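A.B. asks: I have a structure I would like to understand better, so I am pasting it below and will then ask my questions one at a time.
The values are calculated or read from the model by the stated rules, or taken from the named source; none is laboratory data. On a predicted model such as this, the values are computed, not experimentally measured, just so you know. In case anyone asks, the SASA skips ligands and DNA or RNA and just uses the protein heavy atoms, side chains included. Shrake-Rupley method; radii C 1.70, N 1.55, O 1.52, S 1.80 Å.
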Amino acid sequence: RERSRQHHAEHRAGAALQAELPRLERFVWPAIGHKALDEVKPRHVLEILEARRSTPNTAEGVRIIIQQLYNYAIQKLIVETNPALPLRGVIDVPRAQHHRHLNEEELGAFWNSVARQGAHFVTIAATQFLTYTMCRKSEVIRARWTEFDLAKAQWDIPAARMKSRRPHRVYLAAQAVE
C-alpha cells in the first residue's frame, strides 16, 4: 500500500489520483494489499478482475492501475515481473460510443433550450461556460474565483487540476465573462 501511495504521489495528477485511490482501496488492497509485491501472481490479479467482470471498464481500469504500480516497482528494482501484464485483454471492454457533433441548426436549438429546461441557474451557467471555454466538465465544476482575472478575460487553471499536470490559461470570450 505504501509503495502504491508513493507511486501515485510522484506520478499522478490530482484528478487521476482521486479516481485511482478509491479503486485501490475498494478492489485491490482488500484482495492483495497484505501480500508482498513479489508474492502477487497473475492468478491473484485475475481474481480481482473476474470479480469485476460485470463492469468491464472498471475491471480494465483496475488492471491498468496494478500494471502501472508494478511498472513503477520494476523501475525501482523492487520486483522483476508484472502480474497484470499477461492479463491484458482478459476482460472484453466495449468500445466507447461517441455522439456525433451537432450541426449549426441543432446547436442553435440546443443553445436556446438550455435556459428553458427549468434547471438551476448554476447548471445553466455552467453549461454555457462549458460551451464558451471548451474545457472539461471537472475543470469548470472545480473552478475557483481566485483563478479568474475578468479584467484580462483570463482563467488560469492550476497544474494540480490539469490532466497534463501543467498550468493552463484559458482566454475567455466576452460572453463567458458576462
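A.B. asks: Got a sec? What order do ARG100, ARG161, ARG53 fall in by accessible area at 1.4 Å, biggest, i.e. largest, first?
C.D. replies: Working: ARG100 160, ARG161 50, ARG53 105 Å².
Solvent-accessible surface, decreasing: ARG100, ARG53, ARG161.
A.B. asks: By accessible area of protein heavy atoms, probe 1.4 Å, what ranking do LEU69, LEU130, LEU85 get, highest first? Intermediate values should be presented prior to the final figure.
C.D. replies: Working: LEU69 30, LEU130 50, LEU85 95 Å².
So the residues, ranked largest to smallest area, are LEU85, LEU130, LEU69.
A.B. asks: Nearest 10 degrees, 0 to 90: what angle lies between the long axis of helix 2-11 and the longest principal axis of the chain (Cα atoms)?
C.D. replies: Once rounded, the angle reads 40 degrees.
A.B. asks: May I pose another question? Considering the range 86-178, what Rg and Dmax in Å follow from its alpha-carbon atoms?
C.D. replies: That works out to 17.3, 54 Å for Rg and Dmax.
A.B. asks: In a GNM of the chain with a 10 Å cut-off on Cα contacts, which of LEU37, LEU49, LEU107 has the highest mean-square fluctuation?
C.D. replies: LEU107
A.B. asks: Note the angle between two axes, namely the Cα long axis of helix 56-75 and the longest principal axis of the Cα atoms of the chain, as a number of degrees from 0 to 90, rounded to the nearest 10.
C.D. replies: The two axes meet at around 60 degrees.
A.B. asks: Now a separate question. Taking every alpha carbon pair in the chain, what does the distance histogram look like in 5 angstrom bins from 0, in percent?
C.D. replies: 1, 7, 13, 14, 13, 11, 11, 10, 9, 7, 4, 1
A.B. asks: Taking all pairs of distinct Cα atoms, average 1/r, flip it, and tell me the Kirkwood hydrodynamic radius of the range 20-92 in Å to one decimal place.
C.D. replies: Working: mean 1/r = 0.0825 Å⁻¹.
Result for the range 20-92, one decimal place: 12.1 Å.
A.B. asks: Compute a Gaussian network model of the chain, connecting alpha carbons closer than 10 Å, and tell me which residue from HIS99, HIS120, HIS44 fluctuates the most.
C.D. replies: Comparing HIS99, HIS120, HIS44 in a Gaussian network model of the chain, the most mobile one is HIS99.
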